[in-house]
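What follows is a single structure, written as structure tokens, with notes after it.
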Amino acid sequence: MHYNFSHKFPLSMIIAVVGSVLYMTACPAFCSPSSASERTLATDHVHFQKPTSEHHPYTLSSVFRKGIVYIKTTVNGHSDAWMVLDTGTTDSLIDSEYARAIGIKLAPKSEGATGFGSMAPATFTTDTVRLRVGAAPASVIIFESIRLEGMIGPDGMPAAGLLGHSFLAGKSIVIDYKREQVYFEKTPQPANQRDVAMTLKNGIPLIKVKIAGQLVNSLIDTGGTYGVIITPSAAKDLGIESLMADAKPAATVGHGGDQHIMIGKAPPFMIGILAVHDLRAAYTTFGTATNTIGAGVSIGIGLLKKYKVTLNYAANTVRFEP
């Protein structure tokens with residue numbers, strides 16, 4: 001989800017309408033808990049990642065739902081709450097209803113969030129928050145805060161937030177989609193030919209992908225419920241307008257306002273030595289952050305879930321392994 005804040009939840013509803021590969025459980029309204037503990041009443045019924053013989057000291061308690069990665073967190077020592085791991089979010093976000101329920105003070109921001117379409121929800125910032133995730137050392141971060149309607153955690157309760165760059169900065173995180181396991185690397189892996197150079201723009205990871213023989217910026221969005229997004233201007237520059245012309249229109253209304261996209265075939269492309277074929281694409285400017293970080297392409301979980309992905313924010317590399 002690129003998101004100076006986020007785009008993916010209304011986008012997922014769009015793609016569901018046209019029967020594409022995007023999906024997300026929707027909630028008609030955020031149900032504000034009377035206490036923080038009410039959010040985790042169903043936690044005992046959640047099945048965590050399959051055990052493996054490989055042990056990682058900083059493995060995170062996680063649940064995978066159709067590619068979306070939910071991480072169990074503890075905020076300021078309160079009961080456990082679920083947050084979405086989202087590299088496409090500029091700042092980590094905490095739901096404003098949840099934040100108020102556990103006593104976090106919110107200060108209004110002068111600017112609204114962007115990435116929601118025609119509407120900009122009210123935004124806030126928190127004071128410093130102590131966040132603990134698994135056995136990893138606790139983080140002290142400042143969250144941005146909005147009302148995250150429509151986000152349901154794996155326990156059936158509203159998700160508490162999104163973990164973005166302010167949580168991931170300086171770390172090396174491995175998301176093993178096939179084993180359904182997430183962990184921080186205590187000792188970074190030696191460099192190899194699978195590593196792709198990564199740059200950060202406003203905290204969002206960007207890599208170069210090769211389409212039609214040309215290199216183009218693409219953001220990596222672990223919270224994006226799509227395969228790939230390509231902007232119309234990028235499609236024109238890359239000479240793949242015929243694919244966009246064959247795409248089918250779709251439109252919906254989410255909590256961010258009206259969204260209009262085209263769904264069709266994606267061109268084959270290369271990510272380093274990795275060849276990508278047979279992927280669906282959404283042709284739209286929505287969610288690609290073209291204006292803010294210069295990305296004409298956005299890669300979401302429709303592609304990422306096929307790999308073990310290492311995002312090394314210390315070495316500025318991304319690694320894709322089968």
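The values are calculated or read from the model by the stated rules, or taken from the named source; none is laboratory data. None of the values given here were measured: they were computed from a predicted structure. Quick reminder, even Gly has a Cβ in these numbers, built from the backbone with ideal geometry, and neighbours come from all protein chains shown. Only protein heavy atoms, including side chains, enter the accessible area calculation; ligands, DNA and RNA are left aside. Shrake-Rupley method; radii C 1.70, N 1.55, O 1.52, S 1.80 Å.
A few remarks follow.
- Qualifying residue in the stretch 223-241 (condition: of a type in the set (Asp, Glu), open to solvent by 10 Å² or more (accessible area, probe 1.4 Å), touching a helix residue (DSSP H, G or I) at 6+ places or on another chain (Cβ under 9 Å) and at pLDDT 95 or above): yes
- Residue-level analysis places Val182 among those that are outside any loop (DSSP other than H, G, I, E, B) and surrounded by 22 or more Cβ atoms within 10 Å (Cβ to Cβ).
- Which listed residue, of Leu274, Leu303, Leu311, is surrounded by fewer than 19 Cβ atoms within 10 Å (Cβ to Cβ) and modelled with pLDDT of 95 or more: Leu274
- In the stretch 253-271, residue farthest from Ala122 (Cα to Cα) [restricted to those that are in a loop (DSSP other than H, G, I, E, B) and at pLDDT 95 or above]: Pro268
- Criterion: free of Cβ contacts under 8 Å to residues at least 12 places away in the same chain, surrounded by fewer than 22 Cβ atoms within 10 Å (Cβ to Cβ) and in a loop (DSSP other than H, G, I, E, B) - qualifying residue of Pro188, Pro137: Pro137
- Selection within the stretch 198-252 - assigned to a strand (DSSP E or B) and without any contact (Cβ under 8 Å) to a residue 40 or more places away in the chain: Lys208, Gln214, Leu215, Pro249
- Yes/no for Val174 being assigned to a strand (DSSP E or B), farther than 15 Å from Ala136 by Cβ and either touching a Cys at 6+ places or on another chain (Cβ under 8 Å) or in contact (Cβ under 8 Å) with a residue 40 or more places away in the chain (or both): no
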